[in-house]
Amino acid sequence: MSTSDAAILAALQGGAWVSGGELARAHGVSRAAVAKHVAALRRQGFAVAAAPRRGYRLEGAPDLLLPSLVAPLLATRRFGRALRHHERCGSTNDDAAAWARAGAPEGAVVVAEAQEQGRGRVGRSWHSPPGENLYLSLVLRPARPPHLVPPLTLAAGLAVFDACAARGLAPALKWPNDVLLGGRKASGILVELGAEAARVAFLVLGIGVNLNVDRASFPEEFRDQATSLSSHARRRIDRVAFARRLYHHLERTLDACAEGGFAVVRPRFEARFRMPGRRVRVLELDGSQIAGVALGIDDDGALRVRCDDGAEVRVVAGDVTLAKEGA
């Protein structure tokens, strides 16, 4: 979308009639140029009505995560204010990292309608069909050494939880990076660092949220583990409204975590955490396995587990499998 198209669209966002002459004067162009910009918006999927002596009125917008649609009513100071939108890309995390190296400000977001190489933790792929879900990567510049960054994954999961709960859903948090609905994965988070010696130059927080994809359309290997918000809400989720809400929750939660550490948001996390008392199997990064019962989390975000031999251990990083309820 051109800058001029975006300016005309912004003037029509209120939904009221705006005369062509008023638009022309406000933007220093001719009425013919206004008509061309309106035609361009229509080609992009915007429903713009026109009437003699009344002008133009925006009556509908495409289901796209465009900056021009997300920015109005955005309730953040930084997050999502700088936003790059792609119809399709390899990975939003890769694009955000390149932007961060080029100087992107904290809170900058890369969002895509589809990804060709979307990825999750431990080298897994992330199913990224076009126009259905939310795939975003957020640039952060935390003033903290690398070993203090992992709790940000939990804080981000808390923000996703709150954005989902605001839709009337009942999500659950799974350590360290998943949000579940009905025991199946609805969202995942991937944190990647750009570090310099003992400091973090930047951090890219990749978030995928399954909003509207039908469960039957998941690849077979994901079908029993994945779900979407719309499957539980029984209605299509407004992707633009959800993105705005998520940016708000991310900024509020991550700012609190940056200022006071994970301990500040830990009570909110624990109030939403349903793993304590559940049997878990943890695959640690070195390949070792731990089996036992989850006890809770520490102030640094580590998962506490009572092993089957009675010993209590802390897990800082690893992949967790939950036993079925009642098992």
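Read-outs: derived from the displayed coordinates by stated rules, not from any lab. Worth saying up front: this structure is predicted, and the values here are computed from it rather than measured. Using ideal geometry, Cβ is built from the backbone for each residue, glycine included, and neighbour counts are taken over all protein chains shown.
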Review point. Using a simple spin-label model with points 7 Å from Cα along the Cα→Cβ vector, what separation in nm is obtained for Ala201 and Ala233?
Key: 3.8 nm
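Counting Lys and Arg as +1 and Asp and Glu as -1, what is the net charge of the other residues whose Cβ lies under 13 Å from the Cβ of Ala51? Mind showing how you got there, number by number?
On the way: positive: Arg53, Arg54, Arg57; negative: Glu59.
Computed value for this residue: +2.
Estimate the FRET efficiency between Asp308 and Glu221 by the formula 1/(1 + (r/R0)^6), using the beta-carbon distance for r and 41 Å for R0, to the nearest 0.05.
For Asp308 and Glu221, the calculated efficiency is 0.90.
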Review point. Counting each DSSP H run of 4 or more residues in the chain as -39500 (n - 2.57), what helix-only mean residue ellipticity at 222 nm follows after dividing by all residues, to the nearest 500 deg cm²/dmol?
Key: -9000 deg cm²/dmol
Review point. Can you list the HN-Hα couplings for region 305-317, worked out from phi with the Karplus curve (6.51, -1.76, 1.60; θ = phi - 60°), rounded to whole Hz and with x for Gly and Pro?
Key: 10, 8, 6, 5, 8, x, 6, 9, 10, 10, 10, 8, 8
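Kindly state, to the nearest 0.05, the FRET efficiency for Ala317 paired with Thr3, given R0 = 51 Å and r defined as their beta-carbon distance.
0.70
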Point to revise | Highest-MSF residue in the chain out of Lys185, Lys36, Lys174 [GNM, Cα springs under 10 Å] | key: Lys36
Check your understanding: If you place +1 on the Cβ of every Lys and Arg, -1 on the Cβ of every Asp and Glu, and leave all else neutral, what size is the dipole of the chain about its Cα centre, to the nearest 20 Debye?
Key -> 1240 debye
Study note, to complete from the structure: Under 5 Å from the placed amide H of Val213, counting only residues 5+ away or on other chains, we find none
Point to revise | Distant-in-sequence amide H partners of Lys185 (H built 1.01 Å from N, under 5 Å) | key: Ala226, Thr227
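What's the extension gain from Arg43 to Arg78 if we count 0.36 nm per residue and subtract their Cα-Cα distance?
9.5 nm
Hey, what did region 3-60 get for relative contact order, percent, Cα under 8 Å, at least 6 apart?
Numbers: 70 pairs, mean separation 23.5, N = 58.
Dividing the mean separation by the residue count of region 3-60 yields 40 percent.
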Exercise for review: Run the numbers on region 154-233 and let me know its relative contact order in percent, using alpha-carbon pairs under 8 Å that are six or more apart.
Suggested key: 25 percent
**Study point:** Spatial separation of Cα centroids for region 218-260 and region 83-105, in angstrom
**Key:** 20 Å
Review point. Tell me, what ³J(HN,Hα) does each residue in region 44-52 have, in order and in whole Hz, if you take phi through Karplus 6.51 cos²θ - 1.76 cosθ + 1.60 with θ = phi - 60° and put x for Gly and Pro?
Key: 8, x, 7, 8, 10, 7, 9, 8, x
Review point. For region 67-272, what is the relative contact order in percent, using Cα pairs closer than 8 Å and at least 6 residues apart in sequence?
Key: 22 percent
